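Peer 1: Here's a structure for you.
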Amino acid sequence: MTRPIKTCVLVSGNGSNLQALIDAHRAGKLNIEITHVISNVASANGLKRAAGAGIPTSILEHGKFANRDEFDRALALLMTSGEPDLVVLAGFMRIIGPRVLEPFAGKMINLHPSLLPLYKGTETYRRALDAGDRTHGSSIHFVTGELDGGPVISQVTIPILENDDPQSLAARLAPMEHRLVVATVGFMAEHRVECREGAVIIDGMRQERPLQLRDL
Ligand code: GRF
């Protein structure tokens, strides 16, 4: 087995996806080492989950910086210090700029609760329901300068039920998203996924469409 990939996870809130990674690693299902969890929100539950698992944590509150660029500079320094192989934005509710994007190009992935390219941004559940969609889902993509716009690696799709509201849809999607993040990070830990010239390459082959959880 190759060495575990050093993984840095950024969170702003609950951290249930971080927990899924911690649990999968503990169960011996994921060849990663979560070396650092960083949050821009001091009260984020994800920080407690990390501390509970003995993972070093850092808090970088964006409100304490003069501007976006200063925050990004500090964040990039903090992230670089651990020399991660992979950075996972797992509910990190902050737009990041070139100072962070450039050093981590092709090494940073984001979880987004929609079937990208549908519904970039927020309130994806309500927007899918308002549009009368029959399915919703979650995507994992490489992070680029375009919000929720980088090449999509993998997706999971679930049906929208007749009586769904945003809460019920989110509750049904969450466990599927946890499985998706574990499977996708697993692929990355096996060095099977690359981002090249704006495309996702898996096992050396350019992907025309995202991997589906059912195939992973
Ligand atoms: C997830 O739904 C993810 O897709 C989105 O934010 C949520 C984070 O949930 N970006 P958690 O903090 O991992 O519980």
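Nothing in this text is a laboratory measurement; each read-out follows from the coordinates by a stated rule. Small disclaimer: the values here were computed from a predicted structure and weren't measured. Positions of Cβ are generated from backbone atoms using ideal geometry, with glycine treated the same way; all protein chains shown enter the neighbour counts.
Peer 1: Considering only DSSP beta bridges where both residues belong to the chain, give the percentage that are antiparallel (nearest 5).
Peer 2: 45 percent
Peer 1: Check each of the GluC sites (Glu not before Pro) in segment 45-133 and keep only those in coil by DSSP with at most 14 other C-beta atoms within 10 angstrom; list them in order. Mind showing how you got there, number by number?
Peer 2: Working: sites: E61, E70, E123; in loops: E61, E123.
Passing sites in segment 45-133 are E61, E123.
Peer 1: Still on this structure: Residues of segment 102-128 with the amide nitrogen closer than 18 Å to a label point 7 Å from the Cα of N31, along Cα-to-Cβ, please.
Peer 2: none
Peer 1: Something else about it: Is the shape of the chain best called rounded, prolate or oblate, per the rule: a/c under 1.5 gives rounded, else a/b larger than b/c gives prolate, else oblate, with a ≥ b ≥ c the square roots of the Cα gyration tensor eigenvalues?
Peer 2: Here the chain falls in the rounded category.
Peer 1: Let me ask you something else. Using helices alone, I'd like the mean residue ellipticity at 222 nm for the chain: each DSSP H run of four-plus residues gives -39500 (n - 2.57), total over residue count, nearest 500.
Peer 2: It comes out at -9500 deg cm²/dmol, rounded to the nearest 500.
Peer 1: Residues of segment 124-153 with backbone nitrogen within less than 19 Å of a virtual label 7 Å along the Cα-to-Cβ line of E208, please, listed as ranges.
Peer 2: 151-153
Peer 1: Can you bin segment 97-138 into rounded, prolate or oblate? Criterion: square roots of the alpha carbon gyration tensor eigenvalues sorted a ≥ b ≥ c, rounded for a/c under 1.5, prolate for a/b above b/c, oblate for the rest.
Peer 2: Numbers: a/c = 4.42, a/b = 2.83, b/c = 1.56.
It is prolate, given that a/c is not under 1.5 and a/b is the larger ratio.
Peer 1: Run the count for segment 5-215, please: Lys pairs, Cα-Cα under 24 angstrom, 8 or more apart or on different chains. Display every interim value, and only then the final one.
Peer 2: Numbers: K6/K29; K6/K48; K6/K107; K29/K48; K29/K107; K48/K64; K107/K120.
For segment 5-215, qualifying lysine pairs total 7.
Peer 1: Provide the FRET efficiency to the nearest 0.05 for the N67-K120 pair, computing r from the beta carbons and using R0 = 35 Å.
Peer 2: The pair N67/K120 has a calculated efficiency of 0.90.
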